[in-house]
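**Student:** Below: one structure in structure tokens.
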Amino acid sequence: MHRLFPPLIFGLAGITVLVSLGVWQLQRLNWKQTVLADIDARIIAEPVAVPAMPDPVADRYLPVVVGGRLGTPFIRILASRKRIGAGYRIISPLHMAGRIILVDRGFIKLVDALPPATDQLVTITGNLHWPDEVDSYTPAPDYDKNIWFARDVTAMAAALNTEPVLVVIRASSSAPTEISPMPVDTKSITNNHLQYALTWISLAVIWLCMTIFFMIRMKPKIES
């Protein structure tokens, strides 16, 4: 019987490790849900003025209200929406008193032309955001066609000569009907911890079945 102990110990050790990983992922799931709930609450909080020197970490998702005049030129970011298809996010400069910042005005279809900017004073409610959309696979912007493939706040600010501050519109006092706001939310934040937990637990069950099967196969050989 002592020949059964090594595979039994090996099987139990593997099951313990896999179950531990599953439990850890469940703990991570609880943590992530708490973080997302905090972000959701922060997004819809009472808007404030844009800080003089906003911090990309501490002030991310901060709800703000700003007033100024939308300027030109603008930037088109290739994007898509469910049940609508491909289009562009429109990024424009907003001229405020003593400063210029970026505004993500929302989504427009590929076939639609951008309405001309007016000289009216607009009031915008939205959220500060520094999207993490650029990686090593992101193509460089097509400057000739004015098509960008991700929102890079620093690069967009340099192109439009603004501060590296982006407000994503939730509502505007003079929003053209052709442009649909795409407000900040938590849908784009990945939360796959439940799937990971189920994967580890499933592997633990498979490991257990394989251990039992192996022990049963070994027993007749030992008895003979």
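Readers should treat all values here as calculations from the given coordinates under stated rules, not as data from a laboratory. These numbers come from a predicted model, not from an experiment. Neighbour counts run over all protein chains shown; Cβ positions are idealised from the backbone, glycine included.
**Student:** Based on the Cβ-Cβ distance of LEU12 and VAL35, what FRET efficiency does E = 1/(1 + (r/R0)^6) give at R0 = 45 Å, to the nearest 0.05?
**Tutor:** Rounded to the nearest 0.05, the efficiency is 0.85.
**Student:** Turning to a different aspect of this structure: Using only the Cα atoms of the chain, what semi-axes does the equivalent ellipsoid have when each is the square root of 5 times a gyration tensor eigenvalue? Give whole Å, largest first.
**Tutor:** They are 54, 19, 14 Å, listed largest first.
**Student:** Largest first and to the nearest Å, give the Cα extent of segment 11-95 along each principal axis.
**Tutor:** If we take the Cα atoms of segment 11-95, the spans are 67, 34, 22 Å.
**Student:** How big is the charge dipole of the chain about its Cα centre, in debye rounded to the nearest 20, if each Lys and Arg gets +1 on its Cβ and each Asp and Glu gets -1 on its Cβ?
**Tutor:** Using Cβ point charges on Lys, Arg, Asp and Glu, the chain gives about 960 debye.
**Student:** Continuing with the same structure: Could you go through segment 165-172 in sequence order and give the Karplus-derived ³J(HN,Hα) for each residue, using 6.51 cos²θ - 1.76 cosθ + 1.60 with θ = phi - 60°, rounded to whole Hz, and x for Gly and Pro?
**Tutor:** 10, 10, 10, 8, 5, 9, 8, 9
**Student:** Follow-up. Taking only the Cα atoms of segment 62-172, how large is their convex hull per residue, in Å³?
**Tutor:** 113 Å³
**Student:** Another question about this same structure. From the backbone phi of segment 150-155, what are the Karplus-calculated ³J(HN,Hα) couplings (6.51 cos²θ - 1.76 cosθ + 1.60, θ = phi - 60°) in whole Hz, Gly and Pro given as x?
**Tutor:** Result, ordered by residue: 6, 8, 10, 4, 4, 5 Hz.
**Student:** Longest span of the chain, sites excluded, free of trypsin sites (Lys or Arg not before Pro) in DSSP loop with at most 14 other C-beta atoms within 10 Å?
**Tutor:** With trypsin sites (Lys or Arg not before Pro) excluded where exposed in loops, the chain gives 1-81 as its longest stretch.
**Student:** Going down the table (LYS32/LYS145; LYS32/LYS109; LYS32/LYS82), which pairs top 28 Å between alpha carbons?
**Tutor:** LYS32/LYS145; LYS32/LYS109
**Student:** Kindly provide the pair-distance distribution of segment 104-224 built from C-alpha pairs, with 5 Å bins from 0 and whole-percent values in order of increasing distance.
**Tutor:** Result returned by the calculation: 2, 8, 11, 14, 15, 10, 6, 5, 5, 4, 4, 4, 4, 3, 3, 2, 1, 0, 0.
**Student:** Here's another thing I want to ask about it. Rounded to the nearest 500 deg cm²/dmol, what is the calculated helix-only ellipticity per residue at 222 nm for the chain, with -39500 (n - 2.57) per DSSP H run of length n ≥ 4?
**Tutor:** Mean residue ellipticity, 222 nm, calculated: -12500 deg cm²/dmol.
**Student:** With a point put 7 Å past each Cα toward its Cβ, work out how far ALA113 is from ARG69 in nm, to one decimal.
**Tutor:** Distance between the two pseudo-spin positions: 2.3 nm.
**Student:** Still on this model: What do you get for chymotrypsin sites (Phe, Trp or Tyr not before Pro) in segment 132-224 restricted to DSSP loop and a cutoff of at most 10 other Cβ within 10 Å of the site's Cβ?
**Tutor:** Those that pass, being in a loop and sparsely packed, are TYR137, TYR143.
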